[in-house]
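Asker: Next up is a structure, given as structure tokens.
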Amino acid sequence: MKVTQAILPVAGLGTRFLPWTKVVPKELLPIGNKPIIGLLVDECLSVGIDDICFVISRGKEAIPQYFYEMPELEAELDSRGKLHMLEDLKRYDNVKFHVVYQQEMKGDGHALLHAADWIKSDMVAVLFGDDLIHGKQNGLQQLVAAYDHLPEGEKPAMLCLQDVPREAVSKYGIVDIDFDHPQHHERLKKIKGMVEKPKPEHAPSTFGIVGKYIIPRNLFRILQTLEKGSHGGEVRLIDALIAELGTMHVYGYVFEGHRLDTGTPEGYKEAVQVLG
Ligand code: UTP
């Protein structure tokens with residue numbers, strides 16, 4: 001199975017980084033000489049995805065702009081002989097970028113719905129803006145490799161999982177595990193249920209969903225149905241996955257490596273230390 005498209009929802013307000021997220025999207029924070037969003041796009045390229053849709057909100061146009069070609073700047077660098085810089089700038093020339101606007105922040109599923117008409121393939125990767133996995137392989141490489149272990153013909157959803165401390169489960173969507181997939185150590189798990197932000201005593205496991213997914217296009221129909229019934233409230237991806245559990249297989253892969261949550265000032269600081 002080859003995934004060629006990815007949605008990157010980055011419309012959020014970034015309130016934890018206020019006041020400066022009034023003017024600079026948190027996804028453009030640098031880690032070394034690259035912004036976080038550059039690392040996420042590189043994660044897509046590393047698995048052969050070359051068609052990317054950003055879901056942004058007004059004021060976050062600098063995110064797609066970072067990837068656009070700048071012929072005048074390129075000509076200038078060329079004339080000054082700064083070829084290594086030119087190479088870096090041209091890195092994204094063959095990637096197709098698409099932008100849609102989410103006007104109101106009504107949840108992760110609501111953000112995804114804005115990209116529904118853009119999807120052409122059966123499966124699409126989804127990377128939310130905050131999570132980076134530091135290890136031998138990035139998060140998406142691990143999800144794609146795990147996906148390839150699944151039976152031919154299935155079009156399941158694949159979620160990225162982390163074993164979190166029980167006292168932290170109320171910050172995550174937590175999965176209920178059916179069984180461990182026999183051919184993939186204990187990292188690949190068949191999922192039979194999910195609960196959003198449960199209390200520690202009610203959590204069916206300690207495996208939390210982190211911001212990377214491969215999902216089938218069909219799921220967008222469910223998101224549309226949920227939106228109709230939401231009466232202007234939040235539309236959540238986890239609710240669409242729960243609604244489809246009877247008809248669609250859902251797997252989770254417990255990533256190898258260290259997760260860096262760049263969505264908080266402390267997590268960002270750690271990411272700079274580890275990756276910068
Ligand atoms: P968060 O819940 O972390 O929100 O969203 P946020 O706005 O980014 O940050 P805080 O909490 O205000 O500090 C997780 C991811 O989902 C995207 C965000 O951009 C982020 O990548 N998102 C969330 C949307 O694109 N739209 C939404 O309606 C909600």
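The values are calculated or read from the model by the stated rules, or taken from the named source; none is laboratory data. Values in this document were obtained by computation on a predicted structure and should not be read as measured data. All Cβ positions, even for glycine, are placed from backbone atoms using ideal geometry, and neighbour counts span all protein chains on display. The accessibility values were calculated without ligands, DNA or RNA, using every heavy atom of the protein model including side chains. Shrake-Rupley method; radii C 1.70, N 1.55, O 1.52, S 1.80 Å.
Asker: Under 7 Å by Cβ, and 6 or more places apart or on different chains, what pairs join a residue from the stretch 125-149 that is more than 17 Å from P35 (Cβ to Cβ) with one that is in a helix (DSSP H, G or I)?
Answerer: From the stretch 125-149, the pairs are A125/C44; A125/L140; V126/L112; I133/G139; G139/E43; L140/E43; L140/C44.
Asker: Identify all residues within the stretch 35-63 that are open to solvent by less than 10 Å² (accessible area, probe 1.4 Å) and of a type in the set (D, E, K, R); write none if there are none.
Answerer: E43
Asker: If you check I37, I56, I7, I52, which single one turns out to be closer than 17 Å to G211 by Cα and more than 10 Å from the ligand (Cβ to nearest atom)?
Answerer: I52
Asker: Just checking, does the stretch 167-180 include any residue being within 19 Å of the chain's Cα centre (by Cα) and assigned to a helix (DSSP H, G or I)?
Answerer: Yes, the conditions are met somewhere in the stretch 167-180.
Asker: Still on this model: What strands (runs of 3 or more DSSP E) lie completely within the stretch 181-258 and have 3 or more residues being more than 20 Å from V124 (Cα to Cα) and either polar (S, T, N, Q) or in contact with a strand residue (DSSP E or B) (Cβ under 7 Å, 6 or more places away or on another chain) (or both)?
Answerer: Result: 188-196.
Asker: Could you list, in sequence order, all residues of the stretch 125-137 that are over 11 Å from G211 (Cα atoms) and touching a Phe, Trp or Tyr at 6+ places or on another chain (Cβ under 9 Å)?
Answerer: Within the stretch 125-137, G135, Q137 qualify.
Asker: Of the conditions (1) of a type in the set (D, E, K, R); (2) open to solvent by less than 20 Å² (accessible area, probe 1.4 Å); (3) more than 17 Å from the chain's Cα centre (by Cα), K190 fails just one. Which one is it?
Answerer: Among (1) of a type in the set (D, E, K, R); (2) open to solvent by less than 20 Å² (accessible area, probe 1.4 Å); (3) more than 17 Å from the chain's Cα centre (by Cα), K190 violates only (2).
Asker: Next up: Go through the stretch 1-51 and give me each residue that's touching a helix residue (DSSP H, G or I) at 6+ places or on another chain (Cβ under 7 Å), assigned to a helix (DSSP H, G or I) and free of Cβ contacts under 8 Å to residues at least 40 places away in the same chain.
Answerer: L28
Asker: Another question about this same structure. Give the residue that is nearest to the chain's Cα centre (by Cα), with candidates limited to residues of the stretch 207-240 that are away from the ligand (no atom under 16 Å from the Cβ) and open to solvent by less than 30 Å² (accessible area, probe 1.4 Å).
Answerer: Residue satisfying both the conditions and the ranking: I214.
Asker: Turning to a different aspect of this structure: Criterion first (away from the ligand (no atom under 16 Å from the Cβ) and under 30 Å from G229 (Cα atoms)) does I119 satisfy it?
Answerer: yes
Asker: Does G32 satisfy the condition of being surrounded by fewer than 18 Cβ atoms within 10 Å (Cβ to Cβ), within 14 Å of the ligand (Cβ to nearest atom) and under 24 Å from T264 (Cβ atoms)?
Answerer: No, not satisfied.
Asker: Just give me the residues in the stretch 12-23 being open to solvent by less than 60 Å² (accessible area, probe 1.4 Å) and either touching a His at 6+ places or on another chain (Cβ under 8 Å) or more than 6 Å from the ligand (Cβ to nearest atom) (or both), in sequence order.
Answerer: If the condition is that a residue be open to solvent by less than 60 Å² (accessible area, probe 1.4 Å) and either touching a His at 6+ places or on another chain (Cβ under 8 Å) or more than 6 Å from the ligand (Cβ to nearest atom) (or both), then F17, T21 are the ones that fit.
Asker: Assuming E69 fulfils every condition listed in (1) modelled with pLDDT under 95; (2) within 16 Å of the ligand (Cβ to nearest atom); (3) more than 24 Å from V272 (Cβ to Cβ) apart from one, which condition is it?
Answerer: Tallying (1) modelled with pLDDT under 95; (2) within 16 Å of the ligand (Cβ to nearest atom); (3) more than 24 Å from V272 (Cβ to Cβ), E69 fails exactly one: (2).
Asker: Residue check, M123 against (1) touching a Leu at 6+ places or on another chain (Cβ under 6 Å); (2) farther than 15 Å from V254 by Cβ, all met but one. Which one?
Answerer: Exception for M123: condition (1).
Asker: Moving on to the next point. Can you say whether G81 is open to solvent by less than 80 Å² (accessible area, probe 1.4 Å) and within 16 Å of the ligand (Cβ to nearest atom), as far as the supplied structure shows?
Answerer: It is false that G81 is open to solvent by less than 80 Å² (accessible area, probe 1.4 Å) and within 16 Å of the ligand (Cβ to nearest atom).
Asker: Any residue at all in the stretch 96-111 that is at pLDDT below 95, part of a strand (DSSP E or B) and either within 16 Å of the ligand (Cβ to nearest atom) or closer than 23 Å to L260 by Cα (or both)?
Answerer: Scanning the stretch 96-111 turns up no residue that is at pLDDT below 95, part of a strand (DSSP E or B) and either within 16 Å of the ligand (Cβ to nearest atom) or closer than 23 Å to L260 by Cα (or both).
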